[in-house]
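J.: Questions regarding the structure given below will be posed in turn.
The values are calculated or read from the model by the stated rules, or taken from the named source; none is laboratory data. Fair warning: this is a prediction, and the values are worked out from it, not measured in the lab. Here the Cβ positions follow ideal geometry from the backbone for every residue, glycine too, while neighbour counts run over all protein chains shown.
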Amino acid sequence: MCQDRLGTLLACFTLLSACGGGEPDPRTIPGAIESALAATDAYDGHALYKLVDQRARRSMCAVIFDRHAARDLVVAHYPEEARADVLASLGDAPQASDAADLFAHRCDAACFRWFATNLAAPAEVRETGHDDVVVRTTRGGELHLHRGSDGWWGVTRDGENERLAEEALDAGRDRAEIEEAARVYDRRRDLASPLGGTP
C-alpha cells in the first residue's frame, strides 16, 4: 500500500513538472513541495508562509494576537514616559499586520536559502506519525512535512515549531503582565484626579 502511494505521489510530481498542468495542490506532498519551491523562487515570503507547518503558523498567529493586544494596552493606558521601553520589548510582531507578514519579515536571505537548498522532488516518503512524514528528496536530503487540519502539507524546519510555541507562550505571559500594569496605571490616574476616582 505504501509503495502504491509513493508511486502515485511521484507520478503526480512528474506530471505536474513535465506538463505544467494546472496549479500544484498543497494537499499532496509533491504539490506542497512544488508550491514551496515556486514561492521560494519568487522570493515571496507571504506565499511561502502558507506552506510551512500549520503548527508554526498557529504559533505565529498567537504571537501576533498577543503582541498587538499588548501594544494597544501600552498606548492606551501607560503614561507616555513609560511606553518606549515596553513597546521596544515587544519585538517585531507589533509592526507586522498579520502572521503571514511576520513570517515574510523574518524570512531573510538565509531563510530562503534553506528552502532553496532543501526543497526538491520526493524520491521516498516515510510516515513517522499521525499526519507527519519524512521525505527523502532526489537531492539526497530529508524534509519533514506535517499535514494540517486544512489538508495542506507544510514544511517543518528543525526546531522552528518548538521555538515559535515558546515565543507564543512568552507573548501571552507578557500580555497578561501588561494588562495588570495597565489596570494599576488606570487606578493611579483615578486617584490623582480631582474627584479621587469617585464617579
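J.: Which of the numbered conditions does A121 fail, given that it passes all the others? Conditions: (1) under 30 Å from I29 (Cα atoms); (2) out of contact with any Phe, Trp or Tyr (no Cβ under 8 Å at 6 or more places or on another chain).
T.: Only one criterion in (1) under 30 Å from I29 (Cα atoms); (2) out of contact with any Phe, Trp or Tyr (no Cβ under 8 Å at 6 or more places or on another chain) is unmet by A121, namely (2).
J.: Just one of the numbered conditions (1) surrounded by 13 or more Cβ atoms within 10 Å (Cβ to Cβ); (2) free of Cβ contacts under 8 Å to residues at least 12 places away in the same chain; (3) basic (K, R) is not true of R136; which one?
T.: (2)
J.: E166 is checked against (1) closer than 22 Å to A47 by Cα; (2) within 14 Å of the chain's Cα centre (by Cα) and fails just one. What number does that condition carry?
T.: With (1) closer than 22 Å to A47 by Cα; (2) within 14 Å of the chain's Cα centre (by Cα) applied to E166, the lone miss is (1).
J.: Just to check your reading of the model, which residue among D98, D53 is modelled with pLDDT of 95 or more, of a type in the set (D, E, K, R) and farther than 21 Å from W153 by Cβ? I'd like the intermediate steps shown before the answer.
T.: On the way: D53 fails: farther than 21 Å from W153 by Cβ.
Of D98, D53, the one residue that is modelled with pLDDT of 95 or more, of a type in the set (D, E, K, R) and farther than 21 Å from W153 by Cβ is D98.
J.: For the list (1) under 30 Å from E180 (Cα atoms); (2) in contact (Cβ under 8 Å) with a residue 40 or more places away in the chain; (3) touching a helix residue (DSSP H, G or I) at 6+ places or on another chain (Cβ under 6 Å), I need the number of the one condition that P79 fails.
T.: Only one criterion is unmet by P79, namely (3).
J.: How many residues are farther than 24 Å from A42 by Cα and hydroxyl-bearing (S, T, Y) if we restrict to segment 95-132?
T.: Number of matching residues: 1.
J.: Mind counting the residues in segment 91-138 that are in contact with a strand residue (DSSP E or B) (Cβ under 6 Å, 6 or more places away or on another chain) and of a type in the set (K, R)?
T.: Residues meeting the conditions: 2.
J.: Looking at (1) over 26 Å from A69 (Cα atoms); (2) crowded, with 16+ Cβ neighbours inside 10 Å, find the lone condition where E142 falls short.
T.: All conditions are met except number (2).
J.: Another question, if that's okay. Answer with yes or no whether R71 is out of contact with any Lys or Arg (no Cβ under 6 Å at 6 or more places or on another chain), outside any strand (DSSP E or B) and closer than 14 Å to N161 by Cβ.
T.: Working: out of contact with any Lys or Arg (no Cβ under 6 Å at 6 or more places or on another chain): yes; outside any strand (DSSP E or B): yes; closer than 14 Å to N161 by Cβ: no.
Taking the combined requirement at face value, the residue does not satisfy it.
J.: Taking into account only those residues within segment 70-93 that are surrounded by 16 or more Cβ atoms within 10 Å (Cβ to Cβ) and small (G, A, S), which is farthest from H105 (Cα to Cα)?
T.: That would be A70.
J.: Now for a different question. Just give me the residues in segment 41-54 being crowded, with 17+ Cβ neighbours inside 10 Å and either touching a Gly at 6+ places or on another chain (Cβ under 9 Å) or outside any helix (DSSP H, G or I) (or both), in sequence order. Explain how you work it out, then say what you get.
T.: Narrowing segment 41-54 to residues crowded, with 17+ Cβ neighbours inside 10 Å: 45, 48-54.
Scanning segment 41-54 gives K50, L51, V52, D53, Q54.
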